[in-house]
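The values are calculated or read from the model by the stated rules, or taken from the named source; none is laboratory data. Since this is a predicted model, take the numbers as computed values, not measurements. Because the Cβ atoms are built from the backbone with ideal geometry, glycine has one as well, and the counts that use them run over all protein chains shown.
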Ligand SMILES: [Zn+2]
């Protein structure tokens, strides 16, 4: 996968993101293309987009990109794409895998998105005690993920289905 360099509004290099994510940032007006692959364009229907090598954020953001992404409930939901870790349906709540009452903390590795029903069913128990299985393993977002979380970018948003990106 081709990587695109992301600059802060101040031109300071922040991170690299996948080409798909770079195009999403540009299409959501969160970034502008600073440098594009000469002659290479993504074409589909009546839309033509330059293939970005370097993009620059429209607004200056202050995020510890090179460090760990700060944990937040919203961040967990975005990381898990609003899918319940136990059943795969739409999630609106955040579950502590190891319950807080048993010492589980507000960390990326201890929290997953969960639907309200499963969160209620699991209650104050570990998945084993509740007889529930995690479909996905919680993970710590990469610096690129942290950037997208900070910008509030939803991976699929505003990216038309037909927009086929070169690998
Ligand atoms: Zn569920």
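Of the numbered criteria (1) part of a loop (DSSP other than H, G, I, E, B); (2) crowded, with 19+ Cβ neighbours inside 10 Å; (3) within 16 Å of the ligand (Cβ to nearest atom), the one residue 69 fails is (3). Quick one: in segment 102-146, which of the residues that are part of a loop (DSSP other than H, G, I, E, B) and under 14 Å from residue 84 (Cβ atoms) is nearest to the ligand (Cβ to nearest atom)? Here the residue is 115.
Could we say that residue 61 is within 16 Å of the ligand (Cβ to nearest atom), at pLDDT below 95 and either out of contact with any strand residue (DSSP E or B) (no Cβ under 6 Å at 6 or more places or on another chain) or in a strand (DSSP E or B) (or both) here? In short, no. Can you tell me which residue is nearest to the chain's Cα centre (by Cα) among those in segment 86-101 that are more than 9 Å from the ligand (Cβ to nearest atom) and assigned to a loop (DSSP other than H, G, I, E, B)? Looking at residues that are more than 9 Å from the ligand (Cβ to nearest atom) and assigned to a loop (DSSP other than H, G, I, E, B), I get 92.
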